[in-house]
Amino acid sequence: MYEQHYPEPGEAIAQHTTTIDMPFLKEDFPATLQSLQTGADRILTIVSSLKTFSHIDESEQKSVDIHQGIDSTLVILHSQFRATDTMAEIQIIKQYGQIPYVDCYPGQLNQVFMNLLSNAADALHDANAENPDLKPQITICTTSENSHQVKITIADNGPGIPHEIQPRLFDPFFTTKPVGKGTGLGLSISFQIITERHGGSLKCISEPGIGTQFVIILPLQHLTDCPKF
């Protein structure tokens, strides 16, 4: 359409094309391509993580690598760990041991990881707001307890939880978050998934002013057929 009405470029356009900074474009082009490649790789990582994460509706147990589920959850929650104007970046420390595959419902287990990691990030945001010098970190540790159990610990160096409310943490609808920010169901559902669905245990160890850790014990095999959540 443009060429039909303007078969010859105008003098101003012709002059402008000669002033385009071609060396700059040539220099910037590889960096632009690299940026596009980095973005594409990031998208592929997120898509892969979502595929790993989203097995919530599976009705059968699978033998899975627990570390893969944790890593996928960390990718999905990446934005919660980044630095902001009011908070330093949350450092993720992974202390993965040599653990065998676990027979589990991977989507539900990943939901537990998401609840615990998201809660830890929220606690660190609050702690960093009160103490700007805090270097927030979350430590994830996995070990083999014995020949038939594995232990997963998710710990933060946040404000800790007051002793008087710790016994209520796994009660439905109990939350320490402000009104409108939490449902009070995350820990309750996590507790049910670990104990009833997988025959394991979930406990909280917290010291005010020092930090909080949640400890998951999972059997390598659990054959009880429980209803889905």
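The values are calculated or read from the model by the stated rules, or taken from the named source; none is laboratory data. Given the structure is predicted, the values throughout are model-derived calculations rather than measurements. So basically every Cβ, Gly included, is an ideal-geometry build from the backbone, and we count neighbours across all protein chains shown.
Looking only at the stretch 89-107, filter to residues that are hydrophobic (A, V, I, L, M, F, W, C) and more than 19 Å from the chain's Cα centre (by Cα); which one of those is surrounded by the fewest Cβ atoms within 10 Å (Cβ to Cβ)? Only one residue tops the list, namely ILE99. Take the residues of the stretch 117-156 that are without any contact (Cβ under 8 Å) to a residue 40 or more places away in the chain and surrounded by 19 or more Cβ atoms within 10 Å (Cβ to Cβ): which is farthest from PRO219 (Cα to Cα)? Only one residue fits best here, namely ALA127.
Give the residues of the stretch 196-211 that are β-branched (Val, Ile, Thr) and either surrounded by 15 or more Cβ atoms within 10 Å (Cβ to Cβ) or over 15 Å from ILE152 (Cβ atoms) (or both), sorted by residue number. Passing the criteria: only ILE210.
Within the stretch 36-75, the residues that satisfy the criterion of being at pLDDT below 90 and among the aliphatic types (A, V, I, L, M) are LEU36, ALA40, ILE43, LEU44, ILE46, VAL47, LEU50, ILE56. Number of residues in the stretch 187-208 that are assigned to a helix (DSSP H, G or I), in contact (Cβ under 8 Å) with a residue 24 or more places away in the chain and closer than 13 Å to PRO167 by Cα: the value is 1.
Looking at the stretch 68-88, which of the residues that are touching a residue at least 40 places away in the same chain (Cβ under 8 Å), assigned to a loop (DSSP other than H, G, I, E, B) and over 8 Å from the mean Cα position of the chain (by Cα) is surrounded by the fewest Cβ atoms within 10 Å (Cβ to Cβ)?
Start the filter on the stretch 68-88 by keeping residues that are touching a residue at least 40 places away in the same chain (Cβ under 8 Å), which leaves 69-70, 73-74, 77, 80-81, 86-88.
Keeping just the survivors that are assigned to a loop (DSSP other than H, G, I, E, B) gives 77, 86-88.
Right, trim to over 8 Å from the mean Cα position of the chain (by Cα) and you get 86-88.
Working: THR86: 9, MET87: 19, ALA88: 16.
Here the answer is THR86.
The set of residues from the stretch 139-169 being among the β-branched types (Val, Ile, Thr) and in a strand (DSSP E or B) comprises THR139, ILE140, THR142, THR143, VAL150, ILE152, THR153, ILE154.
From the list VAL179, VAL102, VAL112, VAL150, pick out the single residue that is modelled with pLDDT under 90, assigned by TED's automatic domain parsing to the domain that holds CYS204 and at negative phi. Talk me through it step by step, then tell me what you get.
Numbers: VAL102 fails: modelled with pLDDT under 90; VAL112 fails: modelled with pLDDT under 90; VAL150 fails: modelled with pLDDT under 90.
Of VAL179, VAL102, VAL112, VAL150, the one residue that is modelled with pLDDT under 90, assigned by TED's automatic domain parsing to the domain that holds CYS204 and at negative phi is VAL179.
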